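Report on the structure given below.
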Amino acid sequence: MAEVALEKRESLRVDRTHDLGAGCCSGGGLALAAVSTPGDDYTDFVSADPSAFVETDQDGNAMLHMLVENMHCANCIKMIEQTLKSNDAVLDARVNFSTRRLFLRWRSGEAEVGDLVRSVIALGYPLTPYNPEMIRSAAAEENTRLLRALAVAGFAAANVMLLSVSVWAGLFSDDMGPATRDFLHWVSAMIALPAVAYAGQPFFKSALGALRAGRVNMDVPISLAVILAAGMSLAETIQSGLHVYFDASVTLLFFLLIGRYLDNAARSKARSAAERLVMLKAVAATLILPDGSRKTVPVEAVTPGSRVQIMTGDRLPVDGVVAAGQSELDVSLITGESLPTVVNAGDNVFAGTFNLSAPLEVRATKTGDNTLLGDIVRLMEAAEQGRAKYVRLADRIAGYYAPAVHILAAATFVGWWIFAGSWQVALMQAVAVLIITCPCALGLAVPVVQVVASGRLLLKGILVKAADGLERLAEVDVIVFDKTGTLTEGRLDLVNRDDIPEETLNLAARLARNSRHPLAMAVARVGSAVGSHLAVTECPGLGLKAVCSGEEVRLGNREFCSVAALDNSGFPPGPELWLRAGQREAVQFRFKDRLRPGAHAAINKLKSRGYAIEILSGDRTEVVEELATALGVENWRAQQKPEDKVNRLKSLVAKGNKPLMVGDGLNDAPALAAAHVSLSPASAADISQTAADFVFQGRDLLAVPETIYVACVARRLILQNFSLAFLYNAIAIPLAVAGIVTPLIAAIAMSASSLVVCLNSLRLRLERTDVQS
Amino acid sequence: MSVLIYLIPVALFLGGLGLAAFLWSLKSGQYEDLDGAANRILIDDEEDDLS
């Protein structure tokens, strides 16, 4: 008997892990241990009817693009692809692990799209179809263009350098004939000139754009130096001169393109994180046509007045009025309220809420951008305007650096013309100044640090979404926390588990696992639902009932379980459930929203580092006060509406503070956008994640001090890099102005300074001080 | 030094070959899923290949 029970439990556990999407990596189990993704993060996952997104290619085959959740390792790729390919109709199933996308092509008519998708979902990988046209591929194209330019510049730099080394060697030993030197110069010119013309384009275009707008950016001195160096070297070659700078011009491009590519890669990674969140919102809606038939369409095709069917477990695609049915809606996205509200025919419902217990029929009143969700997005965009003015450190420096370099070069030209009397010599020296001051190390100073820092944060499950987020985070002095879902888990947990007999708890769990109600899910999480399947009826707004071993079992509110109004003395009032089996005494289940793990440690750590901490919450005063006292935070405000939160942050900014906002709810999204920089947990509303500059996975709040720490170290390294670059300039510029610099010295100085900057940035990797420990 | 007449074109040709190979790999989409490529190496071949 015991064995049978154990087996059952085992099979159930497998079932459950599949629910969590943790069934992957069962072969290796390597990656999963590191990933702390509570399964509940996926319960509100938006799944849409895929048939609305199926396209047809020119051969008549069906195609579908989907986003895949929960992929962790090679085994996941294999499982998904093999499962799909085992169907004979499937022509192509390809997972892109970097972007977490899945492309599927199959002979239409031979396989049902629902079956294919379900087979993958059953493995534990939730899928969301998306419309590939929604993704702007501009960033990816830019990346490819830069990579191509980088390849050309690298090829040219290597070959020209090879020839240059021969020339330099000849100059030293003094036995190279002028004919050989000229020949080598001509070959260098033939490689370098086309390479400069091709690989320099990203810089030339940006410099032209800046000049047209009447500004100067870093690309102006770069373009000028590269073009002048190449042009002057060509003139020297024609006159069979001694010194040419072909190697300097292409190596400069090569180094700078590396910096530019890394910068762009970081930015497009940030952008794809934002795009993904937008795509997850692409939900299909089921229309009820006048003749009673159902049709699945993309949500954009729903017009006001049409009737929409909302199944249990669907997110509402539109604002509307309930036409038929009764159910409970999870409105936490809109209000932050953790308990669901009951809706009946005639009630107003809003897009973004989540249908929990029974199918509904909704008459759409507002769609798309006109929904309440759209309003909040607009409030958020308005708040974001203020932040767009932030100028990045590198650009601020370029604002001073570029004019200084140009004045210096011009002064060198004039000086040499007056003293040497020849304008050719003067031009040569001026170009040498431009080349030597060209911000090769400056171009690498920021991107390399950024890449190393984002890589380190990614290992901890922290996603850098804004390219300049790290710079802004390092300046923070005030940290503002939201309460529900940020300092707390944002979900209710059973608190009186010890008072409930094991048997009762398990019986409750057997009922509860049939419901998506947050209280029921809290019960299902702690109880082991071993036993035969129960035919459970869900009564919206009341509870669950079933018949078990001949007696009726009810799990629900007081009235539903006919509990007399008993005294609650000794217990604080809060969310509760009751279980009544047959005529026996009803048992109470009490719930509470618990603190996130690491909340205490994180707050203490931040306080000890001298940050001012504040709590802004939409919740009731008593609840916020209790929590603030427990955490030792003196500065808190309760009952804040989204506008109040924005205003508080604006007043902080107006006082000259740089606030960091940490929040998760939809009601926090405008505040996240209004803050100097913002952070969201991955369990946050989509909109909040879009607004936030950083998103952290997992439940541990220590991610907040960790992110700030890395940002501060990154800023220190960037400043060090700039100092190193300036130090190099301080030595090299006098040499260049004095006319001592030869192409050989320029090449050595340039490579050495770039190398030093890169090595200094990599120190962030070695930094072993771990905030978590 | 007349050997340079042959050597430099040979060196350039080889370098150009590398460049062309890189541009081809870029065009054929081999840089679109770098993380995936790193993981796919761990996937065993089809079982019937192992027999």
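The values are calculated or read from the model by the stated rules, or taken from the named source; none is laboratory data. The model shown is predicted, which means the values in this text are computed figures rather than measured ones. As a convention, Cβ positions derive from the backbone with ideal geometry for all residues, glycine included, and neighbour counts pool all protein chains shown.
Taking first residues from region A:51-70 that are more than 12 Å from residue A:91 (Cα to Cα) and partners that are buried (at least 18 other Cβ atoms within 10 Å of the Cβ) and among the β-branched types (Val, Ile, Thr), the Cβ contacts under 6 Å between residues at least 6 apart in sequence or on separate chains come to A:51/A:113; A:54/A:113; A:67/A:128.
For first residues located in region A:288-313 and in contact (Cβ under 8 Å) with a residue 24 or more places away in the chain and part of a loop (DSSP other than H, G, I, E, B), partners that are aromatic (Phe, Trp, Tyr) and crowded, with 18+ Cβ neighbours inside 10 Å and lie 6+ apart or on another chain with Cβ distances below 9 Å form the pairs A:313/A:354.
Take residue A:748 and tell me if it is surrounded by fewer than 24 Cβ atoms within 10 Å (Cβ to Cβ), modelled with pLDDT under 85 and among the hydrophobic types (A, V, I, L, M, F, W, C). Yes.
The residue pairs whose first member lies in region A:139-158 and is within 7 Å of chain B (Cβ to nearest Cβ), whose second member is outside any helix (DSSP H, G or I) and of a type outside the set (D, E, K, R), and whose beta carbons are closer than 8 Å, counting only pairs six or more residues apart or on different chains, are A:144/B:31; A:147/B:31.
Matching residues to (1) within 15 Å of residue B:4 (Cβ to Cβ); (2) more than 14 Å from chain B (Cβ to nearest Cβ); (3) more than 35 Å from the chain's Cα centre (by Cα); (4) buried (at least 19 other Cβ atoms within 10 Å of the Cβ):
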| residue | (1), (2), (3), (4) |
| --- | --- |
| A:178 | yes, no, yes, no |
| A:184 | yes, no, yes, yes |
| A:188 | yes, no, yes, yes |
| A:195 | no, no, yes, yes |
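Residues in region B:1-38 that are under 10 Å from the mean Cα position of the chain (by Cα) and either at the interface with chain A (Cβ under 9 Å from one of its Cβ atoms) or hydroxyl-bearing (Ser, Thr, Tyr) (or both): B:18, B:19, B:22, B:23, B:25, B:26. Within region A:601-627, the set of residues being over 26 Å from the mean Cα position of the chain (by Cα), surrounded by fewer than 20 Cβ atoms within 10 Å (Cβ to Cβ) and of a type outside the set (A, V, I, L, M, F, W, C) comprises A:604, A:607, A:608, A:609, A:610, A:620, A:621, A:622, A:625, A:626. Residue count for region A:590-633, restricted to those that are part of a strand (DSSP E or B) and either among the aliphatic types (A, V, I, L, M) or at pLDDT below 85 (or both): 10. Restricting attention to region A:82-99, the residues that are touching a Lys or Arg at 6+ places or on another chain (Cβ under 6 Å) and within 14 Å of another protein chain (Cβ to nearest Cβ) add up to 2.
Can you tell me how many residues in region A:258-283 are at pLDDT below 70 and more than 15 Å from the chain's Cα centre (by Cα)? Final tally of qualifying residues: 3. Tallying residues that are part of a helix (DSSP H, G or I) and either more than 17 Å from residue A:197 (Cβ to Cβ) or of a type in the set (Val, Ile, Thr) (or both) within region A:231-246 yields 3. Taking the criterion of being of a type in the set (Ser, Thr, Tyr) and either on the phi < 0 side of the Ramachandran plot or assigned to a helix (DSSP H, G or I) (or both), the residues of region A:500-549 that qualify are A:504, A:515, A:528, A:532, A:537. Taking only region A:600-624 into account, find how many residues are within 26 Å of residue A:656 (Cβ to Cβ), without any contact (Cβ under 8 Å) to a residue 40 or more places away in the chain and among the basic types (Lys, Arg). Within region A:600-624, residues that are within 26 Å of residue A:656 (Cβ to Cβ), without any contact (Cβ under 8 Å) to a residue 40 or more places away in the chain and among the basic types (Lys, Arg) number 1. Residues that are surrounded by fewer than 18 Cβ atoms within 10 Å (Cβ to Cβ), part of a loop (DSSP other than H, G, I, E, B) and either among the polar types (S, T, N, Q) or at positive phi (or both) within region A:634-656 comprise A:635, A:639, A:656, listed in sequence order.
When region A:657-692 is filtered for residues that are part of a helix (DSSP H, G or I), closer than 18 Å to residue A:489 by Cα and touching a Lys or Arg at 6+ places or on another chain (Cβ under 9 Å), the ones remaining, listed by number, are A:667, A:668, A:686, A:689. Looking at region A:123-144, is at least one residue more than 26 Å from the chain's Cα centre (by Cα), among the aliphatic types (A, V, I, L, M) and on the phi < 0 side of the Ramachandran plot? Looking for residues that are more than 26 Å from the chain's Cα centre (by Cα), among the aliphatic types (A, V, I, L, M) and on the phi < 0 side of the Ramachandran plot, one finds none in region A:123-144, hence no. In summary, residue A:630 fulfils each of the numbered conditions (1) crowded, with 16+ Cβ neighbours inside 10 Å; (2) closer than 29 Å to residue A:496 by Cβ; (3) among the aliphatic types (A, V, I, L, M) with the single exception of condition (1).
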